[in-house]
1. Output the residues belonging to segment 260-285 that are under 16 Å from residue 169 (Cβ atoms) and free of Cβ contacts under 8 Å to residues at least 12 places away in the same chain.
2. For the subset of segment 110-124 comprising residues that are closer than 28 Å to residue 88 by Cβ and crowded, with 18+ Cβ neighbours inside 10 Å, which member is farthest from the chain's Cα centre (by Cα)?
3. If you go through segment 208-223 one residue at a time, do you hit one that is free of Cβ contacts under 8 Å to residues at least 24 places away in the same chain, within 22 Å of residue 37 (Cα to Cα) and more than 22 Å from the chain's Cα centre (by Cα)?
4. On the basis of being over 29 Å from residue 377 (Cβ atoms), outside the structural domain of residue 10 (by TED's automatic domain parsing) and in contact with a strand residue (DSSP E or B) (Cβ under 8 Å, 6 or more places away or on another chain), does residue 211 make the cut?
5. Of the conditions (1) closer than 25 Å to residue 51 by Cα; (2) surrounded by fewer than 15 Cβ atoms within 10 Å (Cβ to Cβ), residue 219 fails just one. Which one is it?
6. Give me the pairs: first residue in segment 72-90 and over 12 Å from residue 120 (Cα atoms), second residue modelled with pLDDT under 75 and loosely packed, with under 13 Cβ neighbours inside 10 Å, beta-carbon distance under 9 Å, and six or more apart or on different chains, which are they?
7. Look at residue 262 and say whether it is touching a helix residue (DSSP H, G or I) at 6+ places or on another chain (Cβ under 9 Å), within 24 Å of residue 366 (Cβ to Cβ) and surrounded by 18 or more Cβ atoms within 10 Å (Cβ to Cβ).
8. Within segment 125-142, restricting attention to residues that are surrounded by 13 or more Cβ atoms within 10 Å (Cβ to Cβ) and under 21 Å from the mean Cα position of the chain (by Cα), which residue is nearest to residue 41 (Cα to Cα)?
């Protein structure tokens, strides 16, 4: 049975690709992201590139006709997204009974022109995605497992500005490109082949029961400790800041002026990714391993291009995908340097106890690696409290920082300049 289900997933990807020209990487990412519960995918593209078509092909291929699409281009009301009162019950019995919207009850949920949804509707969908429930007229309804796919053109002049936490609820974000000359001819041939009905001709490949069985199997996949470590380290590198940018009222690049790590990845990021990036990468890695039999660090770097763009903002951005790709290449080099320096073996050694020779090597590594420095400083703070290291001899003081943990100083993550 697992092999049959894997074949169905691959067939789903092939069927979509046979009706959608180019953008194969985006199709692959979107299909892979469906293999965990309550998946949410975002498609970004200029107008007329096919983002709505791709959304509908996915929904049809997974849920058949059991899907509902709401559109930000129309005046969406609360009753269409959440629910409305059943007036006869109220008039005859004085009972407030809610008729939950088809969008809530359907397995497939599509949102067209997400950026044009009004803030009130966005808030309701945000709550659905965050808590798996909806509220209307003082009544609550749990939302069963679903597939949610949205699309938007962020450069649309009629866009509402949605809060970053809302976009953070989308597991991945893929970007579609316009077609080359030869691809335009392929599209014309494809339209003629399917009698200009690309979406209507799309068969349902997976039943929702199939999908739920797949999702349970994916959840049971075990990842190698080393791979999980790479995920945690990659995300932390895109979060860490010795000046606590998340809580500082001064934002980069001003905050970064004079910082020892200004040329590191952290020095390029204005708003860091959230911990949901870690959860999503783990889910995708499990799905990838279930589908293809293995998942390695190269696959993680590719997945990061789907997970990071809508979760962070850069200090200077020209092309978000190219810019993040550049940061990931720097990250790859950094991971190799860590391997060569055997940093984590050093960290394991100093966690066992204070050894001056090992500590000296760890200090040398810390001045080039902010994440390693964080871990070393926690250990230094413990040694200072135990009298094994004198205040002022620690790297935090000598590098111009000071951090304390626990009851004897500032809380975790409270950094300041010396």
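1. 279 - this is the single residue of segment 260-285 that is under 16 Å from residue 169 (Cβ atoms) and free of Cβ contacts under 8 Å to residues at least 12 places away in the same chain.
2. That would be 121.
3. Yes, segment 208-223 contains a residue that is free of Cβ contacts under 8 Å to residues at least 24 places away in the same chain, within 22 Å of residue 37 (Cα to Cα) and more than 22 Å from the chain's Cα centre (by Cα).
4. Answer is no for this residue.
5. Just one mismatch for residue 219, condition (1).
6. 86/95; 89/95
7. Against the criterion (touching a helix residue (DSSP H, G or I) at 6+ places or on another chain (Cβ under 9 Å), within 24 Å of residue 366 (Cβ to Cβ) and surrounded by 18 or more Cβ atoms within 10 Å (Cβ to Cβ)), residue 262 does not qualify.
8. Here the residue is 129.
The values are calculated or read from the model by the stated rules, or taken from the named source; none is laboratory data. Because the structure is predicted, anything quoted here is derived from the model rather than measured. Virtual Cβ from ideal backbone geometry, glycine too; neighbours counted across all protein chains shown.
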